[in-house]
1. What is the number of the single condition among (1) outside any loop (DSSP other than H, G, I, E, B); (2) within 16 Å of the chain's Cα centre (by Cα) that residue 9 does not meet?
2. For the stretch 7-59, how many residues meet the condition of being touching a Ser or Thr at 6+ places or on another chain (Cβ under 9 Å) and in contact (Cβ under 8 Å) with a residue 40 or more places away in the chain?
3. Output yes when any residue across the stretch 26-43 is among the β-branched types (Val, Ile, Thr), surrounded by 12 or more Cβ atoms within 10 Å (Cβ to Cβ) and part of a loop (DSSP other than H, G, I, E, B), and no when none is.
4. Which pairs do you get when a residue that is farther than 19 Å from residue 27 by Cα, found in the stretch 63-80, comes within reach of a residue that is of a type in the set (Gly, Ala, Ser) and modelled with pLDDT of 85 or more, reach meaning Cβ atoms under 8 angstrom, with the pair 6+ apart or on two chains?
5. Among 25, 3, 45, 65, which is among the hydroxyl-bearing types (Ser, Thr, Tyr) and more than 21 Å from the chain's Cα centre (by Cα)?
Amino acid sequence: MSSLQVRDLVGVVEREQAAMGLFISLEPPTRDMRQEAAGAGFFHSDLWAREFPKVQLRTVGEMLSGNGFELPPRPADYQPAQRVRRPQGRQARLGETG
């Protein structure tokens, strides 16, 4: 693992105009890797009026211990529908009408 990999990620994030890039590794990042990630700047979320690091580095151990990425909260994608209650009645037999 090296700062070259983080530099590549920063380049891809810029080229693809992605909001953020997330890097997961087995080993802790080096100082150079952290500097490359910090140099990518921040992503500003207008919806949440807050900035998030554009490139973030985490180890598998950090992820497993609950220290995940700093991401904008997602708004609810949908509203649960109200349950429709149908009137209880007698079910018609096969071939029966009405």
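1. Here residue 9 meets the rest and fails (2).
2. Of the residues in that region, 1 qualify.
3. There is at least one residue in the stretch 26-43 that is among the β-branched types (Val, Ile, Thr), surrounded by 12 or more Cβ atoms within 10 Å (Cβ to Cβ) and part of a loop (DSSP other than H, G, I, E, B).
4. Filtered contacts from the stretch 63-80: 72/45.
5. 3
The values are calculated or read from the model by the stated rules, or taken from the named source; none is laboratory data. Predicted model only: the values in this text are computed from it and were never measured. Reconstructed Cβ throughout: ideal geometry from the backbone, glycine too, with neighbour counts over all protein chains shown.
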